[in-house]
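Enquirer: Let me give you the structure first, and then I'll get to my questions.
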Amino acid sequence: MQPSELIWMNGEFVRWEDATVHVLTHGLHYGTGVFEGIRCYDTEIGPAVFRHVDHIDRLFKSADLYYMPMPFDRTQIRAATLELISRNGMRSCYIRPIAYRGYGTMGLFPLDAPVDVTIAVWEWGAYLGEEGKQNGIRAKVSSWRRISPDSLIPHAKASGQYLNSILAKVESHKAGYEEAILLDDKGYVCEGSGENIFVVRDGRILTPPQTASILDGINRKSIIQIARDLGFEVVERDLARAELYLADEVFVSGTAAELTPLREIDDHAIGDGRPGEITRTVQAAFEDALHGRSERYREWLDPVPVPSPAPQVA
Ligand SMILES: Cc1ncc(COP(=O)(O)O)c(C=O)c1O
């Protein structure tokens, strides 16, 4: 990870190396944190954060689902993030806001522990690799099922929940694959370890519904809208595992992975083993939206104020 100069912690800008927490931080022991993954792109209109308000909104909803009162409001978090990117002089970066139960009390009753909020930014390339975005990756259906709504809250982006994703990710990596696909507790296709999933069959784009324990991905939403605007039919429905193997095309979406095609699942080639035409078409339109090349989706970009240069002294 390439450090930036500053991190925002509880209302203050602190140096990267000084952004530390106590070892008895509640969230470190029990996973009591909620976070977001957001990206800022160097766009046609300058550095801009993709769907910033939607991400902040999901952060606040995740906090609420775990009974965490946020000590800052949405406007403050948005302003702090934009200022942080600007002060770090970055044109593109990954953004990680996290709210967590801090230092103060231990034990499983968390409501007396303080809620701390931090925002960090760093440079982060394509999570599943630039090569993967171009030519597709190989994935494995995990032996681990995605967390069930009976035990946790799939709609929340909560720190402790990611142990489930980590088990799946490590299993797939050790078996020689680049990503894991998790089924839900009923055995239907759910999502990747950190991405939503789309399957193309007979010209239609299919994706698991809200009831399949997915994280309600912001890029998923964007891709559904872009695909429909391009004239494709998009259907949200349960998907059987075999439909992955029978698919003409499969791709995943997420802030870290952006839109990445899958070329093989469980050693079955998807289509002819190369990213298909519908994937390519949607990917190109999505990349245009991310980088501000598309007028139609400009409203999804939150521009970062660029500091004006210091006045020249004669
Ligand atoms: C488990 C999981 N599913 C899906 C996604 C995709 O969500 P988004 O498009 O909002 O980044 C992510 C990434 O945040 C994730 O961690």
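The values are calculated or read from the model by the stated rules, or taken from the named source; none is laboratory data. Computed from a predicted structure; not experimentally measured. Please note: Cβ atoms are built from the backbone with ideal geometry, for glycine as well, and neighbour counts cover all protein chains shown.
Enquirer: Hey, among the residues in region 193-205 that are assigned to a loop (DSSP other than H, G, I, E, B) and more than 12 Å from the ligand (Cβ to nearest atom), which one's surrounded by the fewest Cβ atoms within 10 Å (Cβ to Cβ)? Spell out the reasoning first.
Expert: Residues of region 193-205 that are assigned to a loop (DSSP other than H, G, I, E, B), as a first pass: 193-195, 202-203.
Of the ones still in play, those that are also more than 12 Å from the ligand (Cβ to nearest atom) are 202-203.
Values: Asp202: 8, Gly203: 10.
Top of the filtered list is Asp202.
Enquirer: Test of understanding: among Leu111, Leu84, Leu65, which residue is touching a residue at least 40 places away in the same chain (Cβ under 8 Å) and more than 27 Å from Gln161 (Cα to Cα)?
Expert: Leu84
Enquirer: Moving to a separate point now. Mind listing whichever residues of region 206-218 are out of contact with any Pro (no Cβ under 6 Å at 6 or more places or on another chain) and either within 16 Å of the ligand (Cβ to nearest atom) or part of a helix (DSSP H, G or I) (or both)?
Expert: Selection gives Thr207, Pro208, Pro209, Gln210, Thr211, Ala212, Leu215, Asp216, Gly217, Ile218.
Enquirer: Six or more apart or on different chains, Cβ under 8 Å: which pairs go from a residue in region 144-161 that's without any contact (Cβ under 8 Å) to a residue 60 or more places away in the chain and surrounded by fewer than 21 Cβ atoms within 10 Å (Cβ to Cβ) to one that's among the charged types (D, E, K, R) and assigned to a loop (DSSP other than H, G, I, E, B)? Could you list them?
Expert: As it stands, the answer is Arg145/Asp184; Arg145/Asp185; Asp150/Asp185, since those pairs meet every condition given.
Enquirer: Now for a different question. For region 1-107, which fully contained helices (runs of 4 or more DSSP H) count at least 2 residues that are β-branched (Val, Ile, Thr) and touching a Pro at 6+ places or on another chain (Cβ under 6 Å)?
Expert: none
Enquirer: Just wondering, is there one or more residues in region 174-192 that are more than 9 Å from the ligand (Cβ to nearest atom), out of contact with any Asp or Glu (no Cβ under 8 Å at 6 or more places or on another chain), at pLDDT 95 or above and within 21 Å of Phe60 (Cβ to Cβ)?
Expert: no
Enquirer: Then there's this: Just to verify a result, which residue in region 37-51, among those that are within 16 Å of the ligand (Cβ to nearest atom) and surrounded by fewer than 24 Cβ atoms within 10 Å (Cβ to Cβ), is farthest from Pro71 (Cα to Cα)?
Expert: Taking the candidates together, the pick is Tyr41.
Enquirer: Can you tell me how many residues in region 219-274 are farther than 19 Å from Leu183 by Cα, within 16 Å of the ligand (Cβ to nearest atom) and part of a helix (DSSP H, G or I)?
Expert: Result for region 219-274: 8.
Enquirer: Can I ask one more? Would you call Ser143 outside any strand (DSSP E or B), hydroxyl-bearing (Ser, Thr, Tyr) and under 25 Å from Lys61 (Cα atoms)?
Expert: No.
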